[in-house]
Structure formats: structure tokens, C-alpha cells
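Structure record follows, encoded as C-alpha cells.
The values are calculated or read from the model by the stated rules, or taken from the named source; none is laboratory data. Remember, it's a predicted structure, so these values are computed and weren't measured experimentally. Please note: Cβ atoms are built from the backbone with ideal geometry, for glycine as well, and neighbour counts cover all protein chains shown.
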């Protein structure tokens, strides 16, 4: 089963996709945020082309467990996708995904100048892999 993950941000949205067995997450793309309706449409075109069966959207929370501003933005994107698709959507805690993506870039030997770029698709990979590994 192929799964698509979304790491939504205010400017960019990172996408990652699993292999066909739903075991390994791979970076896919970063898209520019335009509007929830346009973003949902773009994401669903990818989902259709790659025969995705489930979508995982990163959601973030305050230390108190309350959804924060970014988490509310994620739910809006999820609602926009739900309004035009019947694909199952799972909201998954994205705590520390960007930090883990940054650490991964450092471990891969990326030069400091290149590390400052967008981490959105790598953060989506971290998010998706944590979801794929949830039952291990």
C-alpha cells in the first residue's frame, strides 16, 4: 500500500511517498502553498498518479497537548483534501520532524550553505517513516 505524507508549512508543503509495500519513506517534492483548495488539488493529482491509498498529514501541538497554530493550518489542509477526495487521511504528530531532517542533512555531509534550504520534503520523510514504523 502506497502512502503519501504531507508536512504543511506557511509557505511550502513537503511531500514524501512510501514504496509500494508501505515500508520505506522517500522524499517526493516541495510545493508552494497557494490556497488550501489549490494545494489539495495538487496533492490529490500526485496521489492519483502514484495510486496512493492513504494520506498522512503532520500536525503539531503545544507542550500542553493543545493544537498550535501550525496544527490548525494542517487540519484546514486536511479538510480541503477531504472535501474533494475519499482517500483516508490520518493526522500524525510531527514533533521534531524538521529538527530530525536538519540532523539527517548534517549526517549526510551537506555543506552548511546547502543545509539552510527547504527541509520540507525531508521532514515529510521523517513524518512518514515514523508513521510506517508505528507498529514495529
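Which one of these is crowded, with 20+ Cβ neighbours inside 10 Å, farther than 18 Å from residue 94 by Cα and out of contact with any helix residue (DSSP H, G or I) (no Cβ under 6 Å at 6 or more places or on another chain): 43, 55?
Every option except 43 fails the conditions.
Taking the stretch 1-31 only, how many residues are more than 21 Å from residue 72 (Cβ to Cβ), in contact (Cβ under 8 Å) with a residue 40 or more places away in the chain and in a loop (DSSP other than H, G, I, E, B)?
Residues flagged as more than 21 Å from residue 72 (Cβ to Cβ), in contact (Cβ under 8 Å) with a residue 40 or more places away in the chain and in a loop (DSSP other than H, G, I, E, B) within the stretch 1-31 amount to 5.
Within the stretch 81-88, does at least one residue satisfy the condition of being within 15 Å of the chain's Cα centre (by Cα), over 18 Å from residue 129 (Cβ atoms) and at pLDDT 95 or above?
yes
Pull up the stretch 32-87, narrow it to residues that are touching a strand residue (DSSP E or B) at 6+ places or on another chain (Cβ under 9 Å) and part of a loop (DSSP other than H, G, I, E, B), then point me to the one that is farthest from residue 16 (Cα to Cα).
Top of the filtered list is 68.
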